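First the structure, in the form of structure tokens, and then the observations on it.
The values are calculated or read from the model by the stated rules, or taken from the named source; none is laboratory data. None of these values were measured; they are calculated from a predicted model. Note that each Cβ is placed from the backbone with ideal geometry, even for glycine, and that neighbours are counted across all protein chains shown.
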Amino acid sequence: MIKKYFFLGFSLIIHLSLFSQLVVNSGQTPLQYVTNNLIGPGVTVSNVTFTGSATQIGEFSDATSNIGFQGGIVLSSGAVTELVGASNNTTAGQTINSGISDNDLLSIAQSVTSNPSSGNINSTDDLASLEFDFVAVSNVVSFNFVFGSDEYTQWINSSFNDVFGFFVSGPGITGPYASPAAFPNGSVNLALVPNTNLPITISTIHPGLNAQYYVSGGAGNALNGYTTPIPITFNVQCGETYHFKFAVADCQDDYLSTAVFLQDDSFFSPPVDITLQTANGTDTIPEACVDANVLFIRSECQSSLPLAVNFTVTGTAVDDVDFILADSPIILAPGQDTAAINIAPIVDGIAEGVESIVITVSYVDGNGDSLSISGVLYLADITPLSINETDITAQCFNDSILLTAIAQGATGLYTYDWLNSSSDSTQDIVSVNQNGVFDFLVTVTDACLGAITDTVTVTMIQTIAIDTINVGLTTCQPTGFVSVIASGLNGAPSYSWTGPNGLNSSSSWQNIPSGWYYITVDDNVCSVSDSAFVGVLNAANAEFTGTPIQGCAPFDVVFQNNSLYANNYSWSFGDTQTATSADLTNVSHTYTGPFGMYTVQLVAFQTALCSDTAYYLIQVDVCGCTDPVALNYNVGANVDNGTCVYPTPIVEAPNVFTPGNDGNNDAYFLSTKNVVKLELVILNRWGNVLFEKSSIDLVNDNPSWDGKINGVIANEGVYFYKYTGYNISGQEITGHGFLHLVEE
């Protein structure tokens, strides 16, 4: 048999008492505070340090303290001795003024955006910070705390948003807050409002926000308000070293104490956990084939050694009489992290009511500390399987009638099967849309005692009905109507129409436009609904086409009017021009630009209040030269028609130059106009090329001969030149001639 298990977790029980005098003592070393007043079973600590005044840390005690803990450590932004007294003590927090700040606490205070003054917080003061390294024997570490402040409640949502944090760093943790060099991935803050990501400050827990965690100050201490005891549980890697930092500080001033109370011995890591599994998913099993398992689970880093887990069994049920359970102890062998024992009930046929089985597990951890946890399981007499079903009398046709049948007795391990339905739960939804008596079968099967079948009966006795809906078609103007006739009414009916014309509450509706109309008729018992469509007699219909739909301006477009049931037409051509006509003859219009998409509109009128509108798009182009460097460039053209005209290239060549270095006519070059590329060649009388160069940048790199051959100025005489030039359109110009080189 396949069993579905329900898991019940157990933890240490904390007994709280309220309203007595708080007692605070100081004078221990930071290590003594941690080892004597904070650390519980399963955790070892090292490298304990404290930042702040020695008067800002102490141990507190009182079995009936209204803080909620019988004892532990307290950290305060003021002297811890000032926490004792009445809650109206306004001197708490005036004696430190240390000037010690903390950037992480400042960041947390500024992050509370629900506080409208968070942007005004720019400093912290009077830091009290307790830090240590620790190693846990399991994968879970827990502790309990209370946060309190004398800033309550006057300074809620102000810049005096006193703050604290619990920062953990180590393997598997990466966070935004600072951590020691040995833990390079930063730390995370665990001091959060339960089940949220909000850091705890006086502005996130107070009477107006998360009030379930707030306690108003009493006679037992000097704080104006504080939180309920809040547990913290976080995951670690057992056997690895982690770093923890408890920190509290004032915000924006050094006045009025804020404190954190840490419960005595609550920072612990349980080496063994206990879990109960029951096949029926509850904490009660019947005297039948339903049993339970007790699981003992330990962390991997402890599983290398054998562990004997001792347990005792108490309660009103008797072992070997009401149930069978293995004897204590349970042994976890090396390498084994989970062991289980079975609780099997004994069917005795005696009516004994509900009996309890209390399992208490005791063990000693690696530090020699004793720890015990308890869980309770209940054993109930088995009763015959039955079905508690509810018959239904309905007076309104309904597509979602809820049927309910709940099994009772037997083992509690039920399956449900509704005939002709996919439902497998205690409820099913059916549809009944006619009068009569209808039976719906449900079969319940118990895991041990088999199946039984029962019937849920639905009696439908609706009397109200809509017999007729009369509809009158509308003309182009709102002249339609609808009316309804209902029968089987129980009392005076009410009518509710909805439609394009709004609402109406009578049995008929006159002078309405075309559309769907929905009617609901109600009487004293039920309601029925229906709908009707009001159509239109020969409504105006605007339709037209245009030819051509695109061209170069100016061009004519002929519009063909194809409208129906209209006698007057209004045209808008999309270029501010309009026209009217009284028949279906073609309409012509000339588009002159500018280029763009023009929306043509035709309104076809039957009467002034009856019309239809149609639209058509015409693309108007301006054709011409679109090249900005052309002589005939058309800035308004969007289509190039190949008509661009470009300037004629011009080249002028001098016939004399005097090379040298006197700065006067020292180089030979050509003057150009409308030329974008030029090649210059210089030859002697025998046709030998002395200089050759081409360029496409005639402003900065015009071909120029300095008259030299191999670095020496050529002899005086006649030389020849030739050139080839091009304008932007690729038009070519060539030329040649001679030049005189004259020595200076």
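Any idea how many residues of the stretch 244-290 are over 18 Å from F145 (Cβ atoms) and not small (G, A, S)? So the answer is 25.
For the stretch 518-528, enumerate the residues that are of a type outside the set (D, E) and either buried (at least 17 other Cβ atoms within 10 Å of the Cβ) or free of Cβ contacts under 8 Å to residues at least 60 places away in the same chain (or both).
Keep residues of the stretch 518-528 that are of a type outside the set (D, E), which gives 518-521, 524-528.
Residues satisfying the conditions are Y518, I519, T520, V521, N524, C526, V528.
The residue list V521, V432, V528 contains one member that is within 30 Å of A405 (Cβ to Cβ), among the hydrophobic types (A, V, I, L, M, F, W, C) and not assigned by TED's automatic domain parsing to the domain that holds Q408, which is V528.
Looking across the stretch 206-255, just one residue is among the charged types (D, E, K, R), closer than 30 Å to S303 by Cα and outside any strand (DSSP E or B), and that is E240. Residues in the stretch 194-214 include at least one that is under 23 Å from V84 (Cβ atoms) and surrounded by fewer than 22 Cβ atoms within 10 Å (Cβ to Cβ). When each of S123, S118, S159, S169 is tested for being out of contact with any Leu (no Cβ under 8 Å at 6 or more places or on another chain), among the polar types (S, T, N, Q) and more than 25 Å from V215 (Cα to Cα), the lone residue that passes is S169. N470 meets the conditions (1) surrounded by fewer than 15 Cβ atoms within 10 Å (Cβ to Cβ); (2) touching a Ser or Thr at 6+ places or on another chain (Cβ under 6 Å); (3) more than 30 Å from A540 (Cα to Cα) in every case but one. The failed one is (3).
List the strands (runs of 3 or more DSSP E) inside the stretch 403-506, counting only whole elements, that have at least 2 residues being touching a residue at least 60 places away in the same chain (Cβ under 8 Å). Lay out the reasoning, then the answer.
Details: elements: 414-418, 427-432, 436-446, 450-460, 465-472, 480-487, 494-499, 502-504.
Result: 450-460, 465-472.
Filtered by the rule that a residue be surrounded by 13 or more Cβ atoms within 10 Å (Cβ to Cβ), of a type in the set (A, V, I, L, M, F, W, C) and assigned to a loop (DSSP other than H, G, I, E, B), the stretch 678-704 gives a lone residue, L698.
Do the conditions hold for I512, that is, is it surrounded by 19 or more Cβ atoms within 10 Å (Cβ to Cβ), in contact with a Gly (Cβ under 7 Å, 6 or more places away or on another chain) and outside the structural domain of G593 (by TED's automatic domain parsing)? Answer is yes for this residue. Looking only at residues in the stretch 11-60 that are in a loop (DSSP other than H, G, I, E, B), touching a Ser or Thr at 6+ places or on another chain (Cβ under 7 Å) and closer than 22 Å to F234 by Cα, the one that is modelled with the highest pLDDT is G40. Of the residues contained in the stretch 83-101, none is found to be at pLDDT below 90, within 30 Å of Q302 (Cβ to Cβ), in the same structural domain as C238 (by TED's automatic domain parsing) and assigned to a loop (DSSP other than H, G, I, E, B).
Evaluating F738 against the criteria (1) touching a strand residue (DSSP E or B) at 6+ places or on another chain (Cβ under 7 Å); (2) surrounded by fewer than 17 Cβ atoms within 10 Å (Cβ to Cβ); (3) of a type in the set (A, V, I, L, M, F, W, C); (4) part of a loop (DSSP other than H, G, I, E, B) leaves one unmet condition, (4).
In this structure, does E732 turn out to be within 30 Å of L631 (Cα to Cα) and modelled with pLDDT of 95 or more? Spelling it out, it is not the case that E732 is within 30 Å of L631 (Cα to Cα) and modelled with pLDDT of 95 or more. Test K722 against the criterion of being within 15 Å of P654 (Cβ to Cβ) and among the charged types (D, E, K, R), and give yes or no. Considered against the rule, which asks whether it is within 15 Å of P654 (Cβ to Cβ) and among the charged types (D, E, K, R), K722 comes out as yes.
Screening the candidates S328, S303 for the property of being hydroxyl-bearing (S, T, Y) and within 21 Å of V137 (Cα to Cα) yields one hit, S303. When the residues of the stretch 478-488 are filtered to those that are modelled with pLDDT of 90 or more and either within 52 Å of the chain's Cα centre (by Cα) or of a type in the set (S, T, N, Q) (or both), which remaining residue is farthest from N538 (Cα to Cα)? The selected residue is S487.
Residues in the stretch 534-545 that are modelled with pLDDT of 95 or more and not in a loop (DSSP other than H, G, I, E, B): F544, T545.
Return a yes/no flag: does the stretch 557-567 have any residue that is touching a Pro at 6+ places or on another chain (Cβ under 9 Å), touching a residue at least 12 places away in the same chain (Cβ under 8 Å), crowded, with 16+ Cβ neighbours inside 10 Å and not assigned by TED's automatic domain parsing to the domain that holds N490. Walk me through it before giving the result.
Within the stretch 557-567, the subset touching a Pro at 6+ places or on another chain (Cβ under 9 Å) is 557-558.
The next check asks that each one be touching a residue at least 12 places away in the same chain (Cβ under 8 Å); those that pass are 557-558.
Retained after the next criterion (residues that are crowded, with 16+ Cβ neighbours inside 10 Å): 557.
Narrowing the set further to residues that are not assigned by TED's automatic domain parsing to the domain that holds N490 leaves 557.
Within the stretch 557-567, one or more residues are touching a Pro at 6+ places or on another chain (Cβ under 9 Å), touching a residue at least 12 places away in the same chain (Cβ under 8 Å), crowded, with 16+ Cβ neighbours inside 10 Å and not assigned by TED's automatic domain parsing to the domain that holds N490.
Residues in the stretch 416-460 that are more than 29 Å from D381 (Cβ to Cβ), of a type in the set (A, V, I, L, M, F, W, C) and over 43 Å from the mean Cα position of the chain (by Cα): 6 in all.
Highlighted here are the strands (runs of 3 or more DSSP E) found entirely within the stretch 256-323 that include at least 2 residues which are farther than 25 Å from Y242 by Cβ: 272-278, 284-286, 292-298, 307-314.
Quick check on the stretch 641-677: of everything there that is aliphatic (A, V, I, L, M) and at pLDDT 90 or above, which residue is surrounded by the most Cβ atoms within 10 Å (Cβ to Cβ)? If we take residues in the stretch 641-677 being aliphatic (A, V, I, L, M) and at pLDDT 90 or above, then V675 is surrounded by the most Cβ atoms within 10 Å (Cβ to Cβ).
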